[in-house]
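Below you'll find the structure, written out as structure tokens, and then a few comments.
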Amino acid sequence: MANLPRFNAYINGASVEPSSKEYFETVNPYTSKPWAEVARCNAVDANAAVEAAYTAFTSGEWPKMTATQRGALLHRFGDLLAKHADELAEYEVRDNGKLISEMGLQCHYIPQWYYYFGGLADKIEGTVVPSDKPDIFNYTRNEALGVVVAITPWNSPLLLLTFKLAAALAAGNTMVIKPSEFTSTSTLRFVELFAEAGFPPGVVNVVTGFGAEVGAALVEHPKVAKIAFTGGSGSGAKVYQAAAAGLKPCTLELGGKSPNIVFDDANLDDAVKGAISGIFAATGQTCIAGSRLLVQNAIYEEFVKKLVDFAATAKMGDPMHKDTQVGPVTTPPQFAKVLEYIQVAKDDGAKLLLGGGPATGRPECGSSEYFIEPTIFGDVTNDMRIAQEEVFGPVLSIIRFDTEEQAIAIANDIAFGLAAGVWTQSIKRAINVSNALRAGTVWVNTYRAISFMSPFGGYKQSGLGRENGIQAIRDYMQIKSVWISTARDVPNPFVMR
Ligand code: NAD
């Protein structure tokens, strides 16, 4: 289509046309119309970006900088992000259709990652090893890995990128980013701010396009030292296999099907809000969605009525309006997938309590073809597909339980382990149940809270490794052990020292 704004790749500090000269359209889910064109990169562009990142890692200003200087740059970058947060949030909403209230909040929060990891950059100390050999001085250094590839999904592009980038840059690596083919524009605008902050060219690069065409080429590139991936478990497994062939470490943040457990001693009004935030915020398109709601039988009827009544008031509409509560689903394949799961749930005998179909055509949904009604199924059993598979949409499954032991057993009887929620006023129950849940994050009497300070990641098929928190920077470093002899005489060279 003519006259749409064009977005190029960003390599070595410059906007670069794709070697294919081809572009693909990016669609605004609220209008269902393309609003921009994005460079369709391939292995040639992937190679150019990795070479630029490799050169920036091995020569020029970046490797000469002290950790304190890197920290100062990250701080400056954080300030620039804060200044541009509203603009970046609008790019995200145009691409993924999530609420401006949510993306705005995320984009205003993101600078904290750069302040935190910028501050940490010069606090990663090595050790002096208390050597058992009297004439050896032995110390360790934490060194950067090299070129890190960050691959991101479409639901929260800049936040999930930042989980990787802030720690990896603080550690001294250089980066090649591959954003989702559905949401590339915010990353391309964001990356320009690195030059403005004073980062040398080549330290941060972006190639856009499709996973199989450009993402896979990055993962396989011999000069790439590590892959940090967020996306679906299927793609994550492919990335992990390809990385294994090159013996590259991976951080994988993958899918989820998180249990949100409401006990009979919970404050029910709070728990209703927690259940809503677990599934209808972000139209359910969040890896941490509390899509399996476990409700104790003693309060089941009362709680479910309150929940359905509350969910029925959710205001669908233009995601750019501050008071909209549920926006469209982001992509056409995702729209089809959510509707398919709704049908599966119906066929498997789940009881439809709310919604259950597309909302396209309603006046508040504009010309969007991708709205789905907030949908709740009751009397779901944990063996149903709707209870076991990630839908990634506004569809909640409610499962009954009688005892604490049953709740824990049902919650853990799943391939995923990203997050979980517990609603109770008993401190003993809160701690005991949290300890028993096989999930990387457990929220008690709250849901969907994250911070740059707190480790985030999955158990089981929800991923490998952790992002955020102090230890995250070490996942972007390797340890070198340096041995210095203080011996006055060179010992017998024919035996091990
Ligand atoms: P996806 O797996 O389809 O794509 C994610 C990214 O991987 C995209 O950039 C894509 O182009 C790329 N990709 C796909 N195949 C690839 C390959 N073979 N080699 C290299 N790159 C490849 O995921 P999506 O649909 O964009 O996002 C939704 C999924 O992400 C959901 O499953 C969700 O749970 C998960 N997610 C997880 C987290 C988390 O932190 N655990 C956060 C957000 C989303």
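Okay, here's what the table says:
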quantity	calculated
Subset of the stretch 241-250 that is surrounded by 18 or more Cβ atoms within 10 Å (Cβ to Cβ) and more than 10 Å from the ligand (Cβ to nearest atom) - its residue that is nearest to GLY421 (Cα to Cα)	CYS250
Any hit, the stretch 137-148, residues being in a helix (DSSP H, G or I), touching a residue at least 60 places away in the same chain (Cβ under 8 Å) and within 16 Å of the ligand (Cβ to nearest atom)	no
Set ARG497, ARG466, ARG474: member being open to solvent by 40 Å² or more (accessible area, probe 1.4 Å), outside the structural domain of LEU145 (by TED's automatic domain parsing) and not acidic (Asp, Glu)	ARG497
Residues satisfying the stated conditions in the stretch 281-332, i.e. in a strand (DSSP E or B) and of a type in the set (A, V, I, L, M)	LEU293, LEU294, VAL295, MET316, VAL326
Residue within the stretch 13-31 that is among the aromatic types (Phe, Trp, Tyr), part of a loop (DSSP other than H, G, I, E, B) and surrounded by 17 or more Cβ atoms within 10 Å (Cβ to Cβ) present	yes
Residue tally, condition within 30 Å of ALA449 (Cα to Cα) and hydroxyl-bearing (Ser, Thr, Tyr), over the stretch 105-148	4
Filter result (more than 11 Å from the ligand (Cβ to nearest atom) and open to solvent by 20 Å² or more (accessible area, probe 1.4 Å)) within the stretch 222-240	PRO222, LYS223, ALA225
Residue in the stretch 63-79 that is open to solvent by 20 Å² or more (accessible area, probe 1.4 Å), closer than 23 Å to THR183 by Cβ and of a type outside the set (D, E, K, R) present	no
Every residue from the stretch 298-322 that is within 14 Å of ILE100 (Cβ to Cβ), open to solvent by 10 Å² or more (accessible area, probe 1.4 Å) and touching a strand residue (DSSP E or B) at 6+ places or on another chain (Cβ under 9 Å)	LYS315
Residues of the stretch 168-191 satisfying the condition of being away from the ligand (no atom under 14 Å from the Cβ), of a type in the set (Val, Ile, Thr) and buried (at least 24 other Cβ atoms within 10 Å of the Cβ)	THR174
Filter result for ARG438 (open to solvent by 30 Å² or more (accessible area, probe 1.4 Å) and outside the structural domain of THR286 (by TED's automatic domain parsing))	no
Residue list for the stretch 340-365, filter: part of a strand (DSSP E or B) and open to solvent by less than 40 Å² (accessible area, probe 1.4 Å)	LEU354
Entirely in the stretch 366-452, the strands (runs of 3 or more DSSP E) that have 3 or more residues that are over 21 Å from GLU102 (Cα atoms) and more than 26 Å from the chain's Cα centre (by Cα)	375-380, 395-401
Residue match in the stretch 266-273 (condition: more than 9 Å from the ligand (Cβ to nearest atom), more than 26 Å from ILE11 (Cα to Cα) and surrounded by 24 or more Cβ atoms within 10 Å (Cβ to Cβ))	yes
Members of the stretch 136-151 that are open to solvent by 10 Å² or more (accessible area, probe 1.4 Å) and of a type in the set (Val, Ile, Thr)	ILE136, THR140, ILE151
From ALA407, ALA420, residue being within 16 Å of the ligand (Cβ to nearest atom) and either among the aliphatic types (A, V, I, L, M) or touching a Pro at 6+ places or on another chain (Cβ under 7 Å) (or both)	ALA420
Any hit, the stretch 277-297, residues being polar (S, T, N, Q), open to solvent by less than 20 Å² (accessible area, probe 1.4 Å), more than 16 Å from the ligand (Cβ to nearest atom) and out of contact with any Ser or Thr (no Cβ under 8 Å at 6 or more places or on another chain)	yes
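The values are calculated or read from the model by the stated rules, or taken from the named source; none is laboratory data. Computed from a predicted model, the values in this text were never measured in an experiment. Note that each Cβ is placed from the backbone with ideal geometry, even for glycine, and that neighbours are counted across all protein chains shown. Surface areas here come from the heavy atoms of the whole protein model, side chains and all, with no ligands, DNA or RNA. Shrake-Rupley method; radii C 1.70, N 1.55, O 1.52, S 1.80 Å.
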